[in-house]
Every structure is written in structure tokens, then in C-alpha cells.
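Data first, discussion second: the structure below is written as C-alpha cells.
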Amino acid sequence: MARITIRIDDDLYARLSLQARNAGLGAATYCRDILERFEGTDPSGYHARFDELHATAIQAFAILATSVGERSPDILQKGLGEARRLLRERGLLDPEQDRA
């Protein structure tokens, strides 16, 4: 089995140790579990929950955009422009998609 050594600050170590103790695990086992969940090997872990939330948000926004677009296309366009601005500010908009 491979080994790694990492340095973490004392506050993070204290939180990890407490969570490991609460889970009835050693710190190394607890950290391995976190890494496995984060890397997607746990089907009900981090990625699965994030994907579920992402899908729900997309569905809700699609319904909202459809409703607003049918009632007021100009407000929809204004909202989409604002969304592009916010995404651009956060570096989340692919320059290829940023044509407006």
C-alpha cells in the first residue's frame, strides 16, 4: 500500500480528529474515507450528492426561465445577461460561450 505524508494546520487536524473519533475511526482511516468519497468511488458520496443538487437546480431554472420567457421575453434576456456577467466575474463562463 502506498503512503503519503501531508502537513495540515492544527485547527483542521483537530476537526478531523474529532470527526474521526465521533465516527469510531482512526484519523488515517477517516481521511482515507473522505478521499474515497471525494474522488467518486462512493456511489452515495460527495459527487453523487453534488450531481443530484446540480440536476435539481438545472431543472428549477429551466422551469423558471420557460415561465418568464413566455410572459416577458425582455426580462428573460435581461436576466440571462446578468447571469453571464456573474459567471464571467467568477471565471465560470467559457470564453467561447461569452458572445453577448
Residues of the stretch 46-61 being open to solvent by less than 80 Å² (accessible area, probe 1.4 Å) and under 16 Å from Ala83 (Cα atoms), in sequence order, are Ala57, Ala60
Among residues of the stretch 1-41 being charged (D, E, K, R) and loosely packed, with under 11 Cβ neighbours inside 10 Å, the residue modelled with the lowest pLDDT is Arg3
Is it true that some residue in the stretch 62-80 is within 30 Å of Phe38 (Cβ to Cβ) and surrounded by 10 or more Cβ atoms within 10 Å (Cβ to Cβ)? yes
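The values are calculated or read from the model by the stated rules, or taken from the named source; none is laboratory data. Keep in mind it's a predicted model, so treat the numbers as computed, not measured. Cβ coordinates were reconstructed from backbone atoms using ideal geometry, including for glycine residues, and neighbour counts include every protein chain displayed. What goes into the accessible areas is simple: the full protein's heavy atoms, side chains included, and nothing from ligands, DNA or RNA. Shrake-Rupley method; radii C 1.70, N 1.55, O 1.52, S 1.80 Å.
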